[in-house]
1. Pull up the cross-link candidates among the lysines for A:Lys125, meaning alpha carbon to alpha carbon under 18 Å and not fewer than 8 places away within one chain.
2. Based on alpha-carbon centroids, what's the gap between region A:272-289 and region B:143-216 in Å, whole number please?
3. Please list, ordered by chain and number, the residues whose modelled amide H lies under 5 Å from the amide H of B:Thr59; skip anything fewer than 5 residues away on the same chain.
4. Have a look at A:Leu56, A:Leu253, A:Leu292 and tell me which one the Gaussian network model of chain A (Cα, springs below 10 Å) gives the largest fluctuation.
5. Suppose we keep just the DSSP beta bridges with both residues in the protein assembly as shown; what percent of those would be antiparallel, to 5?
6. Dimensions of chain B along principal axes (Cα, Å, largest first)?
7. Kindly work out what percent of the DSSP beta bridges joining two residues of region B:160-257 are antiparallel, to the nearest 5.
8. Could you tell me the center-to-center distance, by alpha carbons, between region A:130-198 and region B:37-55 in angstrom?
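Just so it is clear, none of the values below were taken in a lab; they were calculated from the coordinates. No experiment lies behind these values; they were computed from the predicted model shown. Counting neighbours? That spans all protein chains shown, and the Cβs are built from the backbone with ideal geometry, glycine included.
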Amino acid sequence: MTAYFKNIKNGFKPKNYINYVVITLFLIISIISQPKTSTTTLLANMGFAIILAVSLNLVVGFLGELSLGHAGFMCIGAYIGTFISNQIFDAIGSKLVVLILTMIIGGLIAAIFGYIVGFSALRLKGDYLAIVTLAFGEIVRDICKNIPAFGGAMGLKNPHRYGNNLYIVAFVVALIMLILIQNLIRSKHGRAITAVRDNEIAAKAMGINVTYYKLFVFVLSSFFAGVAGVLYGSFNSIILYGDFSFNKSIEILVMVVLGGMGSINGSILAAALITFINTFLQSKLPGDLSALRLLVYALILMIVVIFNNAPALHKYKEKYSFSALFAKVYGKITDKFYAKHPEKKQARITDDSAAWNRVPSKIKMDEVLSTDILPDDKNNDTDTEDKRDE
Amino acid sequence: MNDKIVLKTEHLGITFGGLKAAQDVNLNIKEKELYGLIGPNGAGKTTVFNMLTGVYKPTTGKFYLDGEDLTGKSEETINKKGIARTFQNIRLFNNMSVIRNVLVGLHNQPEFRCSPFESMLRFPRHFENEKAMRDKAKELLRIFGLEEERNNLACNLPYGKQRKLEIARALATNPKLLLLDEPAAGMNPNETEELMETVRKIRDEFNMTILLIEHDLKFVSGLCDEITVLNFGTVLAQGTAEEALNNPEVVKAYIGN
């Protein structure tokens, strides 16, 4: 047991755990301040967005496959969760127990569909997989619309709304998911997943079971999307199939792109930011002006893309990016600490400081954002050459 | 050197449509042997490698590793059974640090087995494995003189070191047979010299059997115990370096009449 804690202590890097602390603090402050109903709605939506964005980042950022059907998994979770909760609510009676049960069931059923979609990821790449996942999302939505038990086009009614405190559950679930996904990424399995992304042929030659990891990531990601869907369903009094349209998938993808593919903290921040801006602008812009919020949305995205990619802005980026600012602050604190305890500096494991968060992804931002079909990335071109060669 | 045969191929061949890329390739590679596979461009050398690693499924013939038939198995399975390779055009995991590249190579070692759920819930085994894997990776990097650079991104290494890292990563999978695809390509004479030393060292320290493709005849004749010469997918000559390279057919294939 002591050895276990010693292991944790040896590998401990505060930077890796800061997001847990921030989310916990954020949640505690929210609970203490006893928010109004409008604020709880915002907080709950933030929670859902964080779960969706981080789970999509697992597929897009870490596995490097473009999925446009995340709202489809969410749709499955929402419909199944609400349907089951309507059936079993009277037998159980406790809202929280019902919610937890439905989260597990809804998540598992979404995961089964994730497994099926994952199979297409084994054969298809890039644009083609994007098309398949996109179609999947739309098909699921339409099927749900046409099932009589799910209320048809009128929507599925949910008489047992969880209530305003759902944001607490949402954040706790988000935190649990964050711990699980971060632990996965920072393990040998995370290395295998990123190896598949970086160079599939080399990963296979190293004996990495590509099939297994692709399916695993799709299943895990769709499980959490399903859970987010169940939470979303239990927060609303009616579930409409229109809520899970293609736009929803794109909104989640924008969060991932905005936060940086392969960056978990970035996804969290972007998810919170976009949800906030959405809600804020919706309340501030009266009447027809509310259409402008989509413009603001686009502007933010453009600014971020330019800031990240323009060579002229590179030195500002180095100075003022989140990681640079953090390194500055953290460096000052640690410098002071090590000035007092020089012997501890030696003892620290300085190994392997290259952060996961800065790993660039196979899918380039402009490829995702442009509507043109771009030629396959360079990697794939050389693949075919290599096989033909000699 | 003993006479135990590690890799045995029987009439190995593959056709792409009407093109006979490799035909009737018979190799018998003994334990701890350095075996060279040479031939002009387009002779089918990399095709043979791709068949031996499962990228292509041979259309005729079989191959055996330590007596076990591995014909038509998947790339992952063949790697797990003990054939590791490097690539002609380097294929590192460019966006990962040097040590992580080697750690990926260690992924399948039975002593580091750990399910994703154990990692996600941070079971004690996860920490033990990570520590042991890291130690082993560092040890491998030390042998190749890459220990100092272990935290750099793989794509930032100079060319020669990338080649070495690729070999280190292949060795991390603990193979019985190592396939090197043009390890000296693009290297200057000094680097080639150094690489020869490295390859010999690998053979001696790891008791490794090595099959390599190379165009540099000096490299091959200085290093290999035995050579097979391919041309247009067929075997031209087999034997010790001197025998094979002085074979009139081989001279003809390389220089012309």
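1. Here the lysines satisfying the reach criterion relative to A:Lys125 are A:Lys204, A:Lys214, A:Lys362, A:Lys364, A:Lys378.
2. 57 Å
3. B:Gly13, B:Ile14, B:Thr15
4. Comparing A:Leu56, A:Leu253, A:Leu292 in a Gaussian network model of chain A, the most mobile one is A:Leu292.
5. Looking only at bridges with both residues in the protein assembly as shown, the antiparallel portion is about 60 percent.
6. 65, 40, 37
7. 50 percent
8. 46 Å
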